[in-house]
1. For the range 24-114, list the helices (runs of 4 or more DSSP H) that sit wholly inside it and hold at least 1 residues that are at pLDDT 80 or above; which are they?
2. Tally up the residues in the range 146-188 that are open to solvent by 60 Å² or more (accessible area, probe 1.4 Å) and modelled with pLDDT of 75 or more, please.
3. Has the range 131-140 got at least one residue that is outside any helix (DSSP H, G or I), under 25 Å from A230 (Cα atoms) and modelled with pLDDT of 90 or more?
4. Taking the range 189-209 only, how many residues are open to solvent by 30 Å² or more (accessible area, probe 1.4 Å) and either under 13 Å from R53 (Cβ atoms) or part of a helix (DSSP H, G or I) (or both)?
5. Exactly one condition in (1) within 20 Å of the chain's Cα centre (by Cα); (2) open to solvent by 50 Å² or more (accessible area, probe 1.4 Å) is not met by L94; state its number.
6. Return the residues of the range 34-48 that are open to solvent by 50 Å² or more (accessible area, probe 1.4 Å) and within 25 Å of the chain's Cα centre (by Cα); say none if nothing qualifies.
7. Name the residues in the range 103-145 that are open to solvent by 30 Å² or more (accessible area, probe 1.4 Å) and either within 19 Å of L61 (Cβ to Cβ) or in contact with a Gly (Cβ under 7 Å, 6 or more places away or on another chain) (or both), would you?
8. Are there any pairs, at least 6 apart or on different chains, whose C-beta atoms fall under 6 Å, with the first in the range 39-60 and under 18 Å from A197 (Cα atoms) and the second open to solvent by 70 Å² or more (accessible area, probe 1.4 Å) and at pLDDT below 85, and if so, which?
Amino acid sequence: MTAKKPDASHKKVTSYNETAIWTTFPSMVKWLQQDRNKVKTQAERIEFHERNRGINATIVLLSAACLEGFLVECLNSFIIGSRFAPHDTFEGRLDHAFLKKVSRATFKDFPELFTLTLGRPLEEALDNKPLIDGVRLLFNFRNGIAHARSVVYQTYEDDLEDDVDYEIENQYEKIHEYLKQRKRIYRHEELFKNEIADHFAGFVNPYIDAVVPLLPVPQSNNVKILVALAFRSPVK
């Protein structure tokens, strides 16, 4: 029988070390795009078709993970040092409760958490609807891939020899409609094409650049350093 792990929730933290992982994703996405684009000839495209689909799915996953890690970093910037807060005061318990909530947060939790820190959700603070919509769809796309949901097109037509219209099942329905409106996909084409993966990956840097100025000083200082590390750029 495994011994029960002792409850450490009220132990006093004396030191800790934190290493960001989301900062590694932009360079990984860039490397995947370069490696993918090495496939040039028709024969190579046929041979590596499935590999490229996997690469593009990975690019979408890493892009969403990068943004999620960045947003958590922004929230954590408001509670730097809270791990050392005492548990026997109201303020200390609030700090620990917020830290715990952020550590378990998913994308759907961010509006509430940013309302607590900034006074309003990011979607209200950002004045760029196409960017907001694109990032929302990026996370929607990520959810389907993360659960390995197949892309299913289906039709109700009896005569399959004509130019049949297919509709996509609801897991990727919003993604398909979004891409169709922007003329990036036609009917039942492949979702995991290079240009589609790159389209969604292209939201990462602009979104981060739009969010960082919303953070007050000094909260923004540490985040700026990590953003510069992620994109190998000077700190602004």
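The values are calculated or read from the model by the stated rules, or taken from the named source; none is laboratory data. Computed from a predicted structure; not experimentally measured. Because the Cβ atoms are built from the backbone with ideal geometry, glycine has one as well, and the counts that use them run over all protein chains shown. The area values use the complete protein model at the heavy-atom level, side chains included, leaving out ligands, DNA and RNA. Shrake-Rupley method; radii C 1.70, N 1.55, O 1.52, S 1.80 Å.
1. Filter on the range 24-114 gives 25-36, 49-76, 90-103.
2. So the count comes out to 14.
3. no
4. 10
5. Unmet condition: (1).
6. Result: Q34, N37.
7. T106, F107, K108, R136, N140, R142, N143, listed by residue number.
8. The qualifying pairs are V39/R45.
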